[in-house]
Amino acid sequence: MLKRVVTATALTWLMLAPALAVEEGAGAAPEDPCSQQLAAVEEAVATRQENAPLSEDDFNKVNELLDQADAQCTEGNLPEATATLATVSGLIQK
């Protein structure tokens with residue numbers, strides 16, 4: 001009897017785990033254009049830090065600008081957020 005319970009539980013988890021993973025991953029991508037731009041620039045910053053780290057001052061400035069762009073996105077101000085993200089892109093391309 002115990003063997004049947006363990007087998008049934010294992011089969012349930014094998015079938016349920018992929019469904020949970022798909023459901024969790026489905027909401028991971030930002031839906032609005034501002035959040036998409038912000039995510040892309042944040043990824044570029046992370047890549048830059050891995051490959052050729054910015055100075056501490058530049059990195060702090062970039063993080064401040066990313067916070068500012070995030071606030072602008074939250075407020076629905078896409079033009080200002082886009083301009084702020086362009087500034088960040090320029091700083092990480094130096």
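Taking other Cβ atoms within 10 Å as a rough exposure proxy, Thr82, Thr47 sort from fewest to most as Thr47, Thr82.
Computed extension length for Glu43-Glu56: 2.9 nm, one decimal, from 0.36 nm per residue of separation with the Cα-Cα distance subtracted.
Since every read-out is calculated from the coordinates, none of them should be taken as a lab result. Model, not experiment: these values are computed from the prediction. Heads up, the Cβs are rebuilt from the backbone with ideal geometry, glycines too, and the neighbour counts pull from every protein chain shown.
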